[in-house]
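Bear in mind these aren't lab numbers, they're just calculated from the coordinates by the rules spelled out. Computed from a predicted structure; not experimentally measured. When we count neighbours, we look across all protein chains shown, and the Cβ atoms used for this are built from the backbone with ideal geometry, even at glycine.
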Amino acid sequence: MMIVMKAGATEDQVQAVIDRIESCGARAHPSRGEEVTVIGAVGDREHVARLGLERAPGVEQVVPILKPYKLASSQMREPSVLEIGGRRIGGEHFSLIAGPCTVESRDQTLTAARLVSAGGASLFRGGAYKPRSSPYSFQGLGQEGLRLLAEAKAETGLPIVTELMDARDVEPVLQVADVIQVGARNMQNYALLAEIGRTGRPVLLKRGLSATLEELLMAAEYVLKEGNPNVLLCERGIRTFETAYRFTLDLTAVPVLKELSHLPVVVDPSHAAGRRSLVEPLSLAAAAAGADGIIVEVHPQPDEAICDGPQQLYAAEFAEYAEKVERAAALAGKVLSNMPA
Ligand code: PEP
Ligand code: MN
């Protein structure tokens, strides 16, 4: 249920509604907008209905949320804007997340970070723990990789996006990650999602290879339910019958997710394409379609990359790419946020 407060409702009236929701064992998720406060009540519907909140002081109306995802629903609030190390994403703010697939060495990581920072990136990405299709492939540098990411952040000031695969690594990842990435293969690892939800740290949640948008939103709900409102949804390509490229980038997901949810939507053209030549056109299309951000793989020497070499952009060419993406985002009314606000 969603409790919409009156425009002039007082803080005491809001608190009284929250207390009553929680008195029946449900959880209250207030969202204070510019005009009105809306309180999501998540729990047993019957119990909440029996409270008769429509008659409580300061309440305008009580509306049922019909979707199975409640906190992620666009019914709950206006579009969310997340602030990550001073960079904004959502609403009219666009973020460009760039960096290598994986942290390979000090030189490779710092060179990539310097070049994407100079080229206008908002955040720096790089995997220290890598989900690989083969257990025999390089699995990432682990804690040493996290240390190199910390060094890249100290030098460039760019906030870090890095993947957490296993809840047992949450402590070291939290030391470095400004955004915790949940990989496509872990989208439905509900225990991991709940654990990340409890940390409160922003999350980049990648869509599973064959997940529907409703399944993606239900996965987001696991994080939100723990009281962590900082979720970014990421479209990264899905499996289809087409074999001419790695995955099919589902750009329709961008406006549809924006209809269904208030959460910012990020597009990953690199993993969808699997091929460098496709990354720029897909990025421009995604930005023009209204994505709130792009996460793109960039490497100083892609031809020598340990993984995903063919799809990584040349770091030396990043600035030119970023400028084009910025212009495409402007078509959708968004401004690149790459400086601390
Ligand atoms: C990645 O971002 O490096 C990655 C492995 O992505 P995905 O989980 O979307 O395959
Ligand atoms: Mn990759």
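Observations
- Some residue of region 156-165 being in a helix (DSSP H, G or I), surrounded by fewer than 16 Cβ atoms within 10 Å (Cβ to Cβ), over 12 Å from the mean Cα position of the chain (by Cα) and not aromatic (Phe, Trp, Tyr): no
- Among residues of region 302-315 that are under 17 Å from Ser283 (Cα atoms), those with a beta-carbon under 7 Å from a residue that is of a type in the set (D, E, K, R) and assigned to a loop (DSSP other than H, G, I, E, B) at least six positions away or on a different chain give the pairs Pro310/Arg275; Gln311/Arg275.
- The requirement of being free of Cβ contacts under 8 Å to residues at least 40 places away in the same chain, surrounded by fewer than 19 Cβ atoms within 10 Å (Cβ to Cβ), over 23 Å from His262 (Cβ atoms) and in contact with a helix residue (DSSP H, G or I) (Cβ under 7 Å, 6 or more places away or on another chain) is fulfilled nowhere in region 26-39; no residue meets it.
- Selection within region 138-161 - within 16 Å of ligand 2 (Cβ to nearest atom), farther than 19 Å from Lys206 by Cβ and in contact with a Lys or Arg (Cβ under 8 Å, 6 or more places away or on another chain): Phe138
- Hits in region 61-100 (condition: touching a helix residue (DSSP H, G or I) at 6+ places or on another chain (Cβ under 8 Å) and within 16 Å of ligand 2 (Cβ to nearest atom)): Ala98, Gly99, Pro100
- Residue that is nearest to ligand 1 (Cβ to nearest atom), among those in region 121-140 that are outside any strand (DSSP E or B) and within 17 Å of Val266 (Cα to Cα): Gly126
- Strands (runs of 3 or more DSSP E) lying entirely in region 1-86 (those with 3 or more residues that are over 22 Å from Tyr222 (Cα atoms)): 59-63
- Some residue of region 322-330 being more than 17 Å from the chain's Cα centre (by Cα) and within 15 Å of ligand 1 (Cβ to nearest atom): no
- Of all positions in region 265-274, none carries a residue that is within 21 Å of Gly90 (Cα to Cα) and surrounded by fewer than 24 Cβ atoms within 10 Å (Cβ to Cβ).
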